Amino acid sequence: MKPASLRAVTRGFPAAALLLAATACTSDSPAASASAPPRASTVPAAASPARTTAMDIRLTLNGHRVTATLNDSATARDFAAQLPLTLSLRDFHQAEKIADLPRELSTSGAPEGTDPEIGDLAYYAPWNQLATYYRDAPSAAGLVPLGRMDRSGVEQLATADEITIDVAPGAGHRSGR
């Protein structure tokens, strides 16, 4: 081989080696697949089960203690932040007792309305009131569910003119699904 030809080959060798190395590292190469870090999957992960945190509270109606549970909504958490409360109750449509709250509650993420059931605790946002149900009542826009009282409190609620609400001793938050 002539010296000029040898120089051309030795100059081209590093470029060829670099090209060969680059080709070996592409994703089409089996060797690259074995040594390359795993790629992030574009397949969505399975959704984990929804968990909620409810808060146990205690209502006092006509001197009787009644257990209740607040749901895990922004509105219920805002309501719980105001506890303890003692409120004057007024009858409304012979189905619920209502009470004015000290301040408005957050309605972030709240439904536009709900169909209350006997024993429900709710927030009526347009009037800034706590609504507690002892009879069936129609669905209402602006009504945000807060939680439920034990059925034993429904009879007491029907005749109560005052309600005291506080966090149940020793209960606090509890998890559920």
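The values are calculated or read from the model by the stated rules, or taken from the named source; none is laboratory data. Not measured: the values here are computed from a predicted model. Quick reminder, even Gly has a Cβ in these numbers, built from the backbone with ideal geometry, and neighbours come from all protein chains shown. These accessible areas exclude ligands, DNA and RNA; they are computed on the full protein's heavy atoms, side chains included. Shrake-Rupley method; radii C 1.70, N 1.55, O 1.52, S 1.80 Å.
Annotations
- Within the span defined as region 145-163, every residue fails to be modelled with pLDDT of 95 or more, under 22 Å from the mean Cα position of the chain (by Cα) and surrounded by fewer than 16 Cβ atoms within 10 Å (Cβ to Cβ).
- Of residues in region 70-89 being closer than 21 Å to Thr60 by Cβ and either touching a Phe, Trp or Tyr at 6+ places or on another chain (Cβ under 6 Å) or without any contact (Cβ under 8 Å) to a residue 24 or more places away in the chain (or both), the one surrounded by the most Cβ atoms within 10 Å (Cβ to Cβ): Gln82
- Residue in region 42-66 that is modelled with the lowest pLDDT, counting only those that are of a type in the set (Ser, Thr, Tyr) and open to solvent by less than 90 Å² (accessible area, probe 1.4 Å): Thr52
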